[in-house]
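Working notes, beginning with the structure itself.
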Amino acid sequence: MKLSKKIFLSFTLYLFISPVFANQKYFQETEVRATQGNVKSQYNLGVMYWKGQDVAQSYIQAFEWFAKAAAQGDIDSQFNLGLMYSKGLGVTQNDAKAFEWYSKAASHGHVYAQNTIGGKYQKGLGVTQSNIKAFEWYSKAAAQGDAYAQYNLAEMYKSGQGVTQNNAKAFEWYSKAADQGHAQAKLMLARLQ
């Protein structure tokens, strides 16, 4: 009986401790590759620091690793730098810098960056306010199937901001967003019918 308890205890400890060491090993391997200039590893290390995954959480370290990957053209890192500047995470909040990084990602087809750039133009955050430019960027993201951009495009058609007011087009874009589960789009469709 005592032997089976020892085996059970040993096995249980192995199950809980083994993943910790495996995760530390993964972190160390990622760090080595990132230091050697591997873009995906730099991005992954940024995510690990962002989330505090297998390492102490640090927005400052996340920013540094995203910056290295972004400098090599990684669009997810560019988007994350935009987000960090926008919210002041690990860096002083700066709407103009946020816009700059979101723009880099958006110009390479990053759908969330395109939608975000649309919002920045619509609100005039970090850039001169322009409903026409907002409409253009929402259109790019909506064409890629982003439900939030589809909803934003519908709102612009409904209100006539940046485009000629058109309820039929608004209905069309609300429908596309609603089909993807966008709750607010579903409410707007119910009101339009």
Query - So LEU83, is it open to solvent by 30 Å² or more (accessible area, probe 1.4 Å) and part of a helix (DSSP H, G or I) - result: yes
Query raised in the report: Considering segment 42-62 alone, what residues qualify as being surrounded by fewer than 21 Cβ atoms within 10 Å (Cβ to Cβ) and not β-branched (Val, Ile, Thr)?
Result: ASN44, LYS51, GLY52, GLN53, ASP54, ALA56, GLN57, SER58, TYR59, GLN61
Report task. Collect the residues in segment 95-114 that are open to solvent by 60 Å² or more (accessible area, probe 1.4 Å) and closer than 21 Å to GLN61 by Cβ, keeping them in residue-number order. Result -> LYS97
**Report entry** Neighbours by Cβ (under 9 Å, 6+ apart or cross-chain): first from segment 117-140, on the phi < 0 side of the Ramachandran plot and without any contact (Cβ under 8 Å) to a residue 12 or more places away in the chain; second open to solvent by 40 Å² or more (accessible area, probe 1.4 Å) and in a loop (DSSP other than H, G, I, E, B)
**Finding:** LYS123/GLN129
Query - Search result, residues across segment 115-134 that are assigned to a helix (DSSP H, G or I) and either buried (at least 20 other Cβ atoms within 10 Å of the Cβ) or of a type in the set (Val, Ile, Thr) (or both) - result: ASN115, THR116, ILE117, GLY118, LYS120, TYR121, GLN122, ILE132, ALA134
**Report entry** Unique match (being in a helix (DSSP H, G or I), at pLDDT below 95 and open to solvent by less than 30 Å² (accessible area, probe 1.4 Å)) among PHE27, PHE66, PHE21
**Finding:** PHE27
Query raised in the report: Can you find a residue in segment 89-96 that is farther than 27 Å from THR35 by Cα, in a helix (DSSP H, G or I) and out of contact with any strand residue (DSSP E or B) (no Cβ under 8 Å at 6 or more places or on another chain)?
Result: yes
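The values are calculated or read from the model by the stated rules, or taken from the named source; none is laboratory data. Values in this document were obtained by computation on a predicted structure and should not be read as measured data. Methodologically, a virtual Cβ is constructed for each residue, glycine included, from the backbone with ideal geometry; neighbour enumeration extends over all protein chains shown. The protein model used for the area step is the full one, side chains on, heavy atoms only, and it has no ligands, DNA or RNA in it. Shrake-Rupley method; radii C 1.70, N 1.55, O 1.52, S 1.80 Å.
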